Amino acid sequence: MASDILLDTTIARHPRLIVEIPLDIENEIRHLLETLAQEKVSAQTIVLDALRIAAEQTYFWTREWQAQERAANAAILAGQMQTFDSMDEMLDFLDEK
């Protein structure tokens, strides 16, 4: 499902998120929105929550952070990790370093 998403900031005080939905899933989207309405949850609330979470987690998608994620995954795959039975054991290990 490929959708185009645009943040329209033509009116700075009232930005609009525009989502282009493929015609073949229009009915599915309408059904989901009707279900949300029955549950007393607005689509606007869901979108705003998703945007807030995305904004709070933008650091995760930076090149630097993703490089560190790849390095950590490689170290785990190579067995270069240490496990601990308790927090105190881990802190003692770190103090020794």
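Throughout, read-outs are computed from the coordinates displayed, never taken from laboratory work. Here the structure is a predicted model, which means the values were calculated and not measured. Using ideal geometry, Cβ is built from the backbone for each residue, glycine included, and neighbour counts are taken over all protein chains shown.
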| field | Residue that is surrounded by the most Cβ atoms within 10 Å (Cβ to Cβ) [pool: residues in the range 18-39 that are β-branched (Val, Ile, Thr) and outside any helix (DSSP H, G or I)] | value | Ile21
| message | For the range 54-71: of the residues being surrounded by 10 or more Cβ atoms within 10 Å (Cβ to Cβ) and among the aliphatic types (A, V, I, L, M), which is farthest from the chain's Cα centre (by Cα)? | response | Ala71
| request: Taking only the range 4-17 into account, find how many residues are out of contact with any Ser or Thr (no Cβ under 7 Å at 6 or more places or on another chain) and surrounded by 10 or more Cβ atoms within 10 Å (Cβ to Cβ). | output: 5
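In this structure, does Ala74 turn out to be assigned to a helix (DSSP H, G or I), small (Gly, Ala, Ser) and either on the phi < 0 side of the Ramachandran plot or within 21 Å of the chain's Cα centre (by Cα) (or both)? Break it down stepwise before answering.
Details: assigned to a helix (DSSP H, G or I): yes; small (Gly, Ala, Ser): yes; either on the phi < 0 side of the Ramachandran plot or within 21 Å of the chain's Cα centre (by Cα) (or both): yes.
For Ala74, the condition - assigned to a helix (DSSP H, G or I), small (Gly, Ala, Ser) and either on the phi < 0 side of the Ramachandran plot or within 21 Å of the chain's Cα centre (by Cα) (or both) - is met.
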